[in-house]
Amino acid sequence: MDQFLSEENFEFRRIQRVLVPQVATQRDILAISSPGLGVTTACIYGIINSICLDAASAKSRPSAILLFPTRELALQVYDALICLQPGHNLCVQPKVSHSPHPVTERPSKYYDVIVGTPGKVLGAVQRDGLQLDSVKYFLFDEVHDLLGDTGAGQHCRTLCQSIPHGTGARIVTSSTRISPVMERFCLRGIEPRIHLDAMARGTRAVVRAVELENHEPRSDALARFIASRLSPKNIVIFTDTIDDAQSVHDILVEKFPDRVVGLMNKESGTDNRGILLRRYQRGELDMIVTCRLFYAGIELTAEVTSIIFYNLVSLTWPHAIGARLHINRPNGEVAVIVDPNSADDLAHYEEFKRWLRCFSGNDTSIVGRNSHRPSLNPSLPPCYKLIIRGLAPEVTAEELKAALQQYSPVRAEVASLKAPKSVPTAFIHFTTVGHALECVKQIDGARILGSQVQAGFALEKKQKGGRGGRGGHGGHGGRGGRN
């Protein structure tokens, strides 16, 4: 691999030269870094290089599983590894939904490296098409996205539970701080582990509001702002909907005929979006317009002058952009189109600035704000009753209650398995919501009685007659663990 990369004139950055040898130690690595430093590239190269140098790896397949939060990222990495195949001679398989590669559905025992998303990899494991015992490296890229409160996050946590205890070194990357629960799920808990902190600290981007003037259309305010830039290049515009992205693109093409404007939308498709992104990175596009739905899986490594939010309707997604897009130039700026006569616009703008400050400082993360959220039923309010999944089938209610005795449980129940592949489920009841909250914070993702478990608050069934409801409301609804 070294010779091949040398012939391709590839040069490692300093942080990459530090990280690559650490991968070969097969210790767990938690690498938290600002985007664009090449940490993920170093981790992947370190894994591939270690497999190439380990003769025993050829006898057991697969040797590595590389997990990414989106199919776009997974396919980008797969394509890169195929291009590098003359240097490593490893068989690589993509495991993503709607894969353009027929090899996706083949048994994974014929491949050295699996590149995919949690849902597709978990499906292969559950169908016995992928064995995890031989895996020496697990890469969790952008783990704050992998283990988020989404369907993919649920798949990833379930996959983590499926990994045999102590099997395979865990290489974890993130562009923001992660919660203790996330650490428990993706790391083995074996010391010593390597903790790399490469968060950039320094210049913050300028945040400004571009206000509508004289009730002008939002698109006019956008065009006016772009025209005021000394060099309207390297601009990224985010809209909230697909339709907005299309209309903004058409308006900019009309108003700036001497500029090349790209559009990422539904019709462009995954492959074309990759081509479009590479054109932008090479400087062939001056501006690129996309919406929040199609930002997933995109890393903009080119120097960005301005990031413009056309509107801020959804307050749940700017953090996903803030965590992965950063302004490289000292005079970089983030702009938001704001209607000064709209209370919602002004409120969203103030909230957005608070979110962005978290990422500018890099010492606080949005993930950290929600670190108390359990992995099961994260939207439920705290109550007296917890649900626990993933216990060993032979665990009894008495054993579970004894294992959690420090949290003062009142009663434990272990549900009977209705099918051979059912997930063992248990319920634990507490006298106070405080005890339940402290328990879920400590055990979610931890190993209980030999198995890694997921935990969350349980939804209380309503009492007959219309009274009752979720535990934790009032003094008695669910107290003592009523079902």
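Taken together, the values in this text are just the output of simple stated rules run on the coordinates, not laboratory data. Just so you know, these numbers come straight off a predicted model, no measurement behind them. With ideal geometry, Cβ positions are generated from the backbone for all residues, glycine too; neighbour counts draw on all protein chains shown.
Some notes on this structure:
- Relative packing of 169-175, 453-459, 442-448, which averages over residues the other C-beta atoms within 10 Å, highest first: 169-175, 453-459, 442-448
- Ala31 long-range amide H proximity, modeled H, under 5 Å: Val172, Thr173, Ser174, Leu196
- Model label points for Asp133 and Arg229, set 7 angstrom from Cα along the Cα-to-Cβ axis, are 5.6 nm apart.
- Largest-first ellipsoid semi-axes for segment 385-457, taking √(5λ) over the Cα gyration tensor eigenvalues, angstrom: 19, 12, 11
- The amide H of Leu449, built 1.01 Å from its N in the peptide plane, has no neighbour under 5 Å, considering only residues 5 or more places off or on other chains.
- Within-10-Å neighbourhood charge of Thr173 [Cβ basis; K, R +1; D, E -1]: -2
- Each residue of segment 93-102 was assigned a 3J(HN,Hα) from its phi angle through the Karplus curve 6.51 cos²θ - 1.76 cosθ + 1.60 (θ = phi - 60°); the sequence is 10, x, 10, 9, 6, 6, 6, x, 9, x Hz, with glycine and proline shown as x.
- Pairs of Cα atoms nearer than 8 Å and 6+ residues apart set the relative contact order; for segment 385-457 it is 44 percent.
- Cα gyration tensor, segment 1-198 - rounded (a/c under 1.5), prolate or oblate: rounded
- Pair Gln26, Cys91: separation of 7 Å Cα→Cβ label points (nm): 2.2 nm
- Amide proton proximity set for Ile308, modelled H, under 5 Å, gap of 5+: Val236, Ile237, Phe238, Ala335
- Förster radius 45 Å - calculated FRET efficiency between Asp243 and Val410 (Cβ-Cβ, nearest 0.05): 0.25
- For the peptides 246-256, 71-81, 99-109, the ranking by packing is 71-81, 246-256, 99-109, with the highest mean count of neighbouring Cβ atoms within 10 Å listed first.
- Placing dummy labels 7 Å off each Cα toward the beta-carbon, the span from Asp197 to His165 is 3.1 nm.
- Listed values for segment 179-195 are Karplus-derived 3J(HN,Hα) couplings in whole Hz (6.51 cos²θ - 1.76 cosθ + 1.60, θ = phi - 60°), namely 7, x, 4, 4, 4, 5, 6, 9, 9, 7, x, 9, 9, x, 10, 9, 10, and x replaces Gly and Pro.
- Taking 0.36 nm per residue of separation and subtracting the current Cα-Cα distance, fully stretching the chain between Val423 and Arg259 would add 53.5 nm.
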